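The values are calculated or read from the model by the stated rules, or taken from the named source; none is laboratory data. Note that the structure is a prediction, hence the values are computed from the model and not measured. With ideal geometry, Cβ positions are generated from the backbone for all residues, glycine too; neighbour counts draw on all protein chains shown. These accessible areas exclude ligands, DNA and RNA; they are computed on the full protein's heavy atoms, side chains included. Shrake-Rupley method; radii C 1.70, N 1.55, O 1.52, S 1.80 Å.
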Amino acid sequence: MEPRIQGFDYQRVPVAEGVALNAAVGGSGSPLVLLHGFPQTHLMWRHVAADLAADHTVICPDLRGYGDSDKPADADGQAYSKRTMAADIVALARSLGHERFALAGHDRGALVAVRAGLDHPEAVTHLASLDVLPTLDMWEVLSGASAAVGFHLYLMAQPPGLPEQLIGASPDVFFGHFLDVWVRDPGAIPAEVRAAYLTASREAVPSIVADYRASAGVDVEHDETDRAAGNRLRMPVSVLQQDWGAALGYDAAAVWRAWAPDLHHSTVACGHFMAEEAPAEVVQALRALLGRSSTCPGPVGGVCCGSTSATSTR
């Protein structure tokens with residue numbers, strides 16, 4: 001039997017025409033939605049979700065195109081834009097009775113969370129991002145030989161056909177590579193969970209590639225439009241990252257501060273899969289975020305309050 005988050009109820013929730021998301025829901029209290037990354041499913045939150053369910057309604061969906069959620073064809077290049085995927089999450093929360101909710105995302109899920117915060121500030125009360133940069137900034141910091149660390153970004157950005165064929169020829173080797181090299185504590189992802197990740201990814205190659213391809217196209221366009229308009233995240237934001245800034249030569253906190261005036265940025269010592277490697281640290285950061293009140297009253301002249309106050313820890 002496929003692993004599940006113990007004590008959580010599972011349901012399929014329609015969020016768009018022809019698209020339903022698989023979601024694990026548990027606990028009671030103010031709502032918190034947790035979005036997984038690549039190459040994972042909602043299971044990556046199993047430790048964090050169980051802890052936070054003590055005093056929050058915790059919602060852990062599989063993103064569209066992943067896990068047991070629907071995987072629509074990407075006929076027009078829009079089906080896996082982060083705007084579309086963010087709208088899924090807002091619709092999911094509303095279907096479960098929550099007009100406003102806190103949102104945390106890891107990796108790909110963090111990109112969806114950021115887009116939800118930019119597009120739906122009336123719905124997202126607090127936002128956390130784990131180990132990723134906003135899409136536009138991600139491409140801007142990758143250059144030269146150091147960009148080899150993100151080879152998969154370039155592979156899956158190619159036109160339809162080639163990446164799907166290459167990855168589909170040996171999916172367990174491809175997806176397993178990231179589970180191996182991005183983790184510092186291999187024991188954090190036990191065999192049955194790893195097997196579930198590989199099975200889910202193997203069955204979703206076209207949609208996973210479409211998700212990444214969107215981040216080299218339409219997602220960049222959306223970010224560029226927001227940057228030009230001065231659209232920023234109005235809610236309290238917390239970012240947890242490995243020290244990628246030191247490794248790739250940029251100021252990670254400054255990058256995030258440009259998008260999030262009310263920012264707490266911190267670096268972690270664990271690997272990429274921090275919700276599994278250091279769940280207590282992630283829970284502590286999320287509880288601290290949920291205890292913060294917004295310092296931004298809203299957009300002024302189309303621009304968020306403009307506060308530059310932020311904290312950064314290393």
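Return the only residue of Ser95, Ser129 being closer than 17 Å to Ser266 by Cα and among the hydroxyl-bearing types (Ser, Thr, Tyr).
Exactly one residue qualifies, and that residue is Ser129.
Filter the range 271-314 for residues that are at pLDDT 95 or above, open to solvent by less than 30 Å² (accessible area, probe 1.4 Å) and among the hydrophobic types (A, V, I, L, M, F, W, C) and give the result.
Selection gives Phe273, Met274, Ala275, Ala278, Val282, Val283, Ala285, Leu286, Leu289.
Looking at the range 153-171, which of its residues are surrounded by 15 or more Cβ atoms within 10 Å (Cβ to Cβ) and closer than 18 Å to Glu203 by Cβ?
Across the range 153-171, the qualifying residues are Met156, Pro163, Glu164, Leu166, Ile167, Pro171.
Which of (1) closer than 23 Å to Pro160 by Cα; (2) buried (at least 21 other Cβ atoms within 10 Å of the Cβ); (3) over 17 Å from the mean Cα position of the chain (by Cα) does Leu198 not meet, given it meets every other one?
(2)
With respect to Val141, is the statement that it is farther than 18 Å from Ser207 by Cα, open to solvent by 10 Å² or more (accessible area, probe 1.4 Å) and touching a Phe, Trp or Tyr at 6+ places or on another chain (Cβ under 8 Å) true?
Criteria met by Val141.
Answer yes or no as to whether Leu35 is more than 22 Å from Lys82 (Cβ to Cβ), of a type in the set (A, V, I, L, M, F, W, C) and within 19 Å of the chain's Cα centre (by Cα).
The answer is no for Leu35.
Could you check Phe174 against (1) open to solvent by 40 Å² or more (accessible area, probe 1.4 Å); (2) more than 30 Å from Gly117 (Cα to Cα); (3) under 21 Å from the mean Cα position of the chain (by Cα); (4) of a type in the set (A, V, I, L, M, F, W, C) and say which number it fails?
With (1) open to solvent by 40 Å² or more (accessible area, probe 1.4 Å); (2) more than 30 Å from Gly117 (Cα to Cα); (3) under 21 Å from the mean Cα position of the chain (by Cα); (4) of a type in the set (A, V, I, L, M, F, W, C) applied to Phe174, the lone miss is (1).
Residues are listed down the side, and each one gets a yes or a no for (1) open to solvent by less than 20 Å² (accessible area, probe 1.4 Å); (2) more than 17 Å from Leu103 (Cβ to Cβ); (3) assigned to a strand (DSSP E or B); (4) not charged (D, E, K, R):
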position	(1), (2), (3), (4)
Val13	yes, no, yes, yes
Val25	no, no, yes, yes
Phe38	yes, yes, no, yes
Trp45	yes, no, no, yes
Ala54	no, yes, no, yes
Gly65	yes, yes, no, yes
Asp70	no, yes, no, no
Asp76	no, yes, no, no
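Rundown of residues vs (1) touching a residue at least 60 places away in the same chain (Cβ under 8 Å); (2) farther than 24 Å from Trp45 by Cα; (3) touching a Ser or Thr at 6+ places or on another chain (Cβ under 8 Å), yes/no style:
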{"position": "Asp172", "(1), (2), (3)": "no, no, no"}
{"position": "Phe178", "(1), (2), (3)": "yes, no, no"}
{"position": "Gly187", "(1), (2), (3)": "no, no, no"}
{"position": "Pro190", "(1), (2), (3)": "no, no, no"}
{"position": "Val193", "(1), (2), (3)": "yes, no, no"}
{"position": "Ala200", "(1), (2), (3)": "yes, no, yes"}
{"position": "Glu203", "(1), (2), (3)": "no, no, no"}
{"position": "Ala210", "(1), (2), (3)": "yes, no, no"}
{"position": "Arg213", "(1), (2), (3)": "yes, yes, no"}
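Residues in the range 90-106: is at least one open to solvent by 40 Å² or more (accessible area, probe 1.4 Å), within 27 Å of Asp180 (Cα to Cα), outside any helix (DSSP H, G or I) and without any contact (Cβ under 8 Å) to a residue 12 or more places away in the chain?
The answer is no, given that none of the residues of the range 90-106 is open to solvent by 40 Å² or more (accessible area, probe 1.4 Å), within 27 Å of Asp180 (Cα to Cα), outside any helix (DSSP H, G or I) and without any contact (Cβ under 8 Å) to a residue 12 or more places away in the chain.
Go through Asp180, Asp131 for me and flag whichever is surrounded by 16 or more Cβ atoms within 10 Å (Cβ to Cβ), under 25 Å from Val282 (Cα atoms) and among the acidic types (Asp, Glu).
Asp131
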